[in-house]
Amino acid sequence: MSKSPQAIRGTQDIFGPDAEAFAFVVETFERVRRLYRFRRAEMPVFEKTEVFARSIGETTDIVSKEMYSFEDRGGESLTLRPEFTAGIARAFLSNGWQQHAPVKLATHGPLFRYERPQKGRYRQFHQIDAEIIGAAEPQADVELLAMADQLLKELGIEGVTLHLNTLGDGESRDAWRAALVEHFLSVKDELSEDSQERLEKNPLRILDSKDPRDKKHVNHTLDIDTFLSDSARRFFDEVTSGLDAAGVKWQRAPNLVRGLDYYRHTAFEFIPDEGSEAADKLGSQSTILGGGRYDGLMESLGGAPTPAVGWAAGIERLAMLAGSPNRRVETFGIVPERPEASHFAQELAYILRSNGLPVDMLFNVSARKAPKKLYDREITTILYVNNFDDAPQSGFINFKRNFSGSHSLEKRVGMRLAEEFRLERTFDVSEEEAVLNRERADLVLRRRVDKPTKS
RNA sequence: GCGAUCGUAGCUCAGUUGGUUAGAGCGCCGGUUUGUGGUACCGGAGGUCGGGGGUUCGAGACCCCUCGAUCGCCCCA
C-alpha cells in the first residue's frame, strides 16, 4: 500500500455508482444541449498562459497562485485550462467563428485549478459549459438560462433557485463601485480584516461576505438599482420578463457579484435553497451553476468587441445532487456452464446485443458463483447456457429472472424469449428435443439458420 | 495561504490508562453440501497499523516532521 503510487492530491478515480451519476449528467447535458440547438465545440486542455492571464487579469491571485502553469521545452509558458470561457473566446477569435455569430456553443471536460481540495472541489474537476457568443440581446441571456433551468430539472435536481442580478453596463458599474468604496471606507474600521483588504482589491466582494461584521454594513441603499443607466435597466427588465415568459423561476440577489472586470449586465447562480437536501449535500461549495454576460472579454484578448454570455457547472456537484437515472432495463448475464458451450453462448450474446439488449458475458466464473457476480452488476436475468456433445449445434438455456430475493426459477422456451423481447432473429425450439431432454434441461433450443450475414 | 478533525487487511471499522504472536464483519481464493445454481458449513490467503524521525525496557496508541483525506476560512475564473 505504501509502496504503490497514490493519486495526486485533489484528483479522483471515479467508479461504480459515482461514475454512472457522472455519465448521467453528461448524457443529460448532451441531450438538452441538442434540444436548444447548441453546437458542440472541443478546445485543447492547455493554452498559452497569456490566454488566461489576459482574460482574467494579471492582478488577481487566480493567475499568480491558482493555475497549473509550466514551461514547455521551447520555453513557452503554458497553462492547463482553469475554465472554459477564455479558451472558447480564443478559439472564436483564432478560427474566425464570427462567421457563425451569433453562435451557441456547448462543451464539457476536465479543468485544473491549484486549490485546497474540499467538498465538491478538486484540482482536476469537470464542468459542462454553454456560451452564446455574438449576441448582445437580452433574449440570449434568457435562452441560456432557460436551457440551464431545464437541464437541472431533467437531472431531477430539486430545491435549487436561480439567483439573478445585474452589474449594469460599464458606466453603471463604475458608478456603483465608486459608491460602494465610499460607503465602506466610511466604516472601514468596523469591517472584517478580509474585507478591509477587499476594499483595495475587489470591493464588490464585500457584498457577499459571510462575516457578520460586514453584513451589518450591507443594505439596500447600496443596490446597483440606483446607479443603473436607463439602457442597463431596460436590458435587465427584458431579461427578467423573458425568464417569466419562459417559465424560469428566479429571485433577485442584489449582493450577487462578479469579481472580474469583463462582466457586464446579467450575473446569475443556481443555489440550493436554505435547509434543502441539496444545500446539505454541498456544504459551503454551494453554487451548482453560475455565469453571466462577459461583453468585455473579447477585447481583452485583442479581438473586436463581441458581446457574449455563458455559464458553467461542475459535473461532480451536479452528480451529487442528480436523481438516479431510474432506467430499469432488462439486462442479461450469460453463463456458459462449461467450455464447450462457449460458442453457443457467444452467439446468444450476439443475437441479444444486436437486438439492442444489454448482455454481460461471464467467462472464467464458476456457474455456482455466477449469480452473486451478476447481482453485483445489476443483471436482471441470467441465462445459463449449455449444449450436448452429441449435438453441438444445439444448446439449452435456463432462464432465471429477477433473481434478487426470490429463489424461484422461471422457465421459458426460446420462442417466448424471442417474443418477449421482439428479437429479429429467434431461437427455434425443436419439439422432440425439448421433450427428449426435458428431464435434463427445461428447454432445448436449436439455432436457426437466419444468422446475420457477416460482411 | 490559514484553522480543525482524521489515516489499522481490498472495503467498513474495533483495538481498554503505551505491555506478549494486531482482531471482526463483508469481500477474495479453495473445498464440501443443497440435483437448477445467490444458501449453509469448513478451510485459506491478505496488514513493516499512510511515510520518516523521536521519547520509552517496550508504541497502532505519546511528541515532531511529512504525505494524504475530510470540514471550514481565503479565493472562486
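Annotations for the structure displayed:
- Filter pass, A:S77 being of a type in the set (S, T, N, Q), open to solvent by 60 Å² or more (accessible area, probe 1.4 Å) and either within 27 Å of A:M298 (Cα to Cα) or within 13 Å of RNA strand B (Cβ to nearest atom) (or both): no
- Of the helices (runs of 4 or more DSSP H) that lie entirely inside region A:259-339, those containing 3 or more residues that are under 18 Å from the mean Cα position of the chain (by Cα) span A:277-282, A:315-321.
- For region A:321-349, a tally of residues being in contact (Cβ under 8 Å) with a residue 24 or more places away in the chain, closer than 14 Å to A:L383 by Cα and not charged (D, E, K, R) returns 10.
- Which numbered condition A:T306 fails, given (1) outside the structural domain of A:H108 (by TED's automatic domain parsing); (2) crowded, with 18+ Cβ neighbours inside 10 Å; (3) away from RNA strand B (no atom under 15 Å from the Cβ): (1)
- Test: residue in region A:141-155 that is open to solvent by 30 Å² or more (accessible area, probe 1.4 Å), assigned by TED's automatic domain parsing to the domain that holds A:A313, without any contact (Cβ under 8 Å) to a residue 60 or more places away in the chain and part of a helix (DSSP H, G or I): yes
- A single member of A:L93, A:L78, A:L105 is within 21 Å of the chain's Cα centre (by Cα) and assigned by TED's automatic domain parsing to the domain that holds A:L151, and it is A:L105.
- Residues of region A:178-202 classified as part of a helix (DSSP H, G or I), surrounded by 19 or more Cβ atoms within 10 Å (Cβ to Cβ) and in contact (Cβ under 8 Å) with a residue 12 or more places away in the chain, total: 3
- Every condition in (1) closer than 23 Å to A:L93 by Cβ; (2) in contact (Cβ under 8 Å) with a residue 40 or more places away in the chain holds for A:L111 except the one numbered (2).
- Residue match in region A:203-212 (condition: in contact with a Pro (Cβ under 7 Å, 6 or more places away or on another chain) and either open to solvent by 30 Å² or more (accessible area, probe 1.4 Å) or away from RNA strand B (no atom under 11 Å from the Cβ) (or both)): no
- Restricting attention to region A:178-202 and to residues that are within 21 Å of A:Y263 (Cβ to Cβ) and touching a Lys or Arg at 6+ places or on another chain (Cβ under 9 Å), the residue that is nearest to RNA strand B (Cβ to nearest atom) turns out to be A:R198.
- Among (1) part of a helix (DSSP H, G or I); (2) open to solvent by 40 Å² or more (accessible area, probe 1.4 Å) - the single one A:Q251 does not satisfy: (1)
- Residue check, A:G120 within 14 Å of RNA strand B (Cβ to nearest atom), in the same structural domain as A:R37 (by TED's automatic domain parsing) and under 14 Å from the mean Cα position of the chain (by Cα): yes
- Breaking point among (1) acidic (D, E); (2) closer than 19 Å to A:E143 by Cα; (3) within 11 Å of RNA strand B (Cβ to nearest atom), for A:E238: (3)
- Among the residues examined, A:A130 does not qualify as in a helix (DSSP H, G or I), assigned by TED's automatic domain parsing to the domain that holds A:G296, touching a residue at least 24 places away in the same chain (Cβ under 8 Å) and within 16 Å of RNA strand B (Cβ to nearest atom).
- Apart from one condition, A:V160 fits all of (1) more than 16 Å from RNA strand B (Cβ to nearest atom); (2) open to solvent by less than 30 Å² (accessible area, probe 1.4 Å); the exception is (2).
- Residue within region A:278-288 that is open to solvent by 20 Å² or more (accessible area, probe 1.4 Å), β-branched (V, I, T) and modelled with pLDDT of 90 or more present: yes
- Each residue in region A:10-56 was checked for being surrounded by fewer than 11 Cβ atoms within 10 Å (Cβ to Cβ) and either within 12 Å of RNA strand B (Cβ to nearest atom) or among the β-branched types (V, I, T) (or both), and 3 of them qualify.
- Some residue of region A:224-239 being buried (at least 19 other Cβ atoms within 10 Å of the Cβ), aromatic (F, W, Y) and free of Cβ contacts under 8 Å to residues at least 60 places away in the same chain: yes
The values are calculated or read from the model by the stated rules, or taken from the named source; none is laboratory data. Just so it is clear, the model here is predicted, and its values are computed rather than measured. Ideal geometry is used to build each Cβ from the backbone, glycine not excepted, and the neighbour counts take in all protein chains shown. Ligands, DNA and RNA are excluded from the accessible area calculation, which covers all protein heavy atoms including side chains. Shrake-Rupley method; radii C 1.70, N 1.55, O 1.52, S 1.80 Å.
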